[in-house]
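The values are calculated or read from the model by the stated rules, or taken from the named source; none is laboratory data. Remember, predicted model here, so these are calculated numbers, not experimental data. Glycine also receives a Cβ, built like all others from the backbone with ideal geometry; neighbour counts cover every protein chain displayed.
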Amino acid sequence: MGLKLFNTLTRSVEEFAPLDPAGETAGIYCCGPTVHDVAHIGNFRTFVFADLVRRYLQFKGYAVKHVMNITDVEDKIIKRVRESGAPLRQYTGRYEVAFLEDLQTLGCLRPHHMPRATEHISEIISLIERLIERGIAYKAADGSVYFSIEKYRGSGRKYGQLVKLNFDELRPGERVSSDEYAKESLADFALWKARLPEDGEVFWPSPWGEGRPGWHIECSAMSMKILGPSFDLHLGGEDLIFPHHEDEIAQSEGAGVQPEGRPFVKYWLHGAHLMVEGKKMSKSLGNFFTLRDLLAQGFTGREIRYLLLTAHYRETFNFTLGGLTAARTALARLDECLAKLREVAGNAAAAADSSLSDQFSAALDDDLNVSAAWRVVFDWVRETNRLLTDNQFSAAQAAAALEVWQQIDSVFGIGEKAGAEVPGEIHPLMEQREAARKAKDFKRADAIREELKVKGWLIEDTPKGPRLKRI
Ligand SMILES: [Zn+2]
């Protein structure tokens, strides 16, 4: 069965068919963090969702190119930089590092490309120049460059592909300089913002004078540079549908760089909001959590990831501390079952149990129905526990079960519980053995291998390097 996804562009669930005629590669762009502060748990819901999409496409056999930008210049950042007095790069660098740490804590795979807006100013300027050449963008009296919605529509393109818009409200000549605005204030939006005194040192030279890019054009320029003018999947939180994503389409398709008949993006996927304890997250309500706040309360990245992955991406999800405690219990059941299987399997090896992975993938093929996929996993845990209690599991069956869990976990990325992880003393030994092997000191390498064996670990040499396996 093929993967089906809900495409915001068509408002329907569609079969996923990549643009690659060979059907082998898939490109994903997900709008990344604005590094003006530490990201909150609502932001991370989107990034865990993007990680799930990427991992599942890989599970389905696609060679995925995953791009996530770092927005390191826009309105909010400039305001914070002004308040802090620190140079732009120094200010954003701190939050970028924190973000990458958080991503890792949550078990997200690092995107293949993480372009920074400030390192793509020339691509952004070229794209704006092209829009001006085509008569779709213009320089206004304030020195800024704006995207003309009227001219764009006049060129036969549609503005309002992701949302329905009321053009009767639009008064010609009206402009909006802020990056964020509501549908009701539909107006020409800024591509390049002329330097203002409050921008301080945050500016670049351009054909239109000193200034900086608008937020929307950053994503158009960086996504098309890395994935090409037409690519498969664009992801983001639902709050980005308008104006950000609508404007990305307008800029990218307005530039007319796509091959005939191809859209800028084939599938637009949007993750729903996250509520915390039944309410919209807000600092004043005391329900605003960063990942670090939750870790400080004793929860693990693994528990938080699991909880985020139990809800369908299109459902508004109520994130609660009670839910995290329940996540801990669910994971303990899973860990216990895996530990028992490991005990029974011993050194046995077997091919994965394909019926389980088929059920799992049938669930995820259905627009990433994670609840159904977890049901498959926990039904399997229950049945496995029953068979283990009755001593009805052979070593080979246990090995086959563990093998299929590896496949499932390549998608869920839950991993092993901390206790099952490799103890600190083991890794240095493995590295010493690797160094001995490289130095052709095979006697020492073998001695270390034996020492590891005594400690309960077996080294497997794979094409990707040595791998530790519990005996
Ligand atoms: Zn974006």
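Does Gly237 satisfy the criteria of being within 16 Å of the ligand (Cβ to nearest atom), within 30 Å of Ser177 (Cβ to Cβ) and either touching a Phe, Trp or Tyr at 6+ places or on another chain (Cβ under 9 Å) or charged (D, E, K, R) (or both)? Taking the combined requirement at face value, the residue satisfies it. Screening the stretch 100-137 for residues that are surrounded by fewer than 16 Cβ atoms within 10 Å (Cβ to Cβ) and hydroxyl-bearing (Ser, Thr, Tyr) and picking the one that is farthest from Glu303 (Cα to Cα) gives Ser126. Looking across the stretch 316-345, just one residue is in contact with a strand residue (DSSP E or B) (Cβ under 9 Å, 6 or more places away or on another chain) and closer than 13 Å to Trp405 by Cβ, and that is Arg342. The set of residues from the stretch 430-458 being in contact (Cβ under 8 Å) with a residue 24 or more places away in the chain and out of contact with any helix residue (DSSP H, G or I) (no Cβ under 6 Å at 6 or more places or on another chain) comprises Met430, Glu434, Lys455, Leu458. Given the condition closer than 21 Å to Cys108 by Cα, assigned to a loop (DSSP other than H, G, I, E, B) and in contact with a Gly (Cβ under 9 Å, 6 or more places away or on another chain), answer yes or no: does some residue in the stretch 419-439 qualify? Yes - at least one qualifying residue is present in the stretch 419-439. Of the residues making up the stretch 257-275, at least one is in contact with a helix residue (DSSP H, G or I) (Cβ under 9 Å, 6 or more places away or on another chain), within 16 Å of the ligand (Cβ to nearest atom) and not hydrophobic (A, V, I, L, M, F, W, C). Within the stretch 328-376, if we keep just the residues that are at positive phi and modelled with pLDDT of 95 or more, the residue that is farthest from the chain's Cα centre (by Cα) turns out to be Asp367. Of the helices (runs of 4 or more DSSP H) contained entirely in the stretch 228-332, those carrying at least 1 residues that are acidic (Asp, Glu) and either surrounded by fewer than 20 Cβ atoms within 10 Å (Cβ to Cβ) or touching a Cys at 6+ places or on another chain (Cβ under 9 Å) (or both) fall at 246-254, 291-296. When Lys158, Lys151 are checked against the criterion of being more than 30 Å from Ser84 (Cβ to Cβ), assigned to a loop (DSSP other than H, G, I, E, B) and either in contact with a strand residue (DSSP E or B) (Cβ under 8 Å, 6 or more places away or on another chain) or free of Cβ contacts under 8 Å to residues at least 60 places away in the same chain (or both), Lys158 stands alone in meeting it. Within the stretch 197-220, can one find any residue that is closer than 16 Å to Val257 by Cβ and out of contact with any Cys (no Cβ under 9 Å at 6 or more places or on another chain)? Yes: one or more hits.
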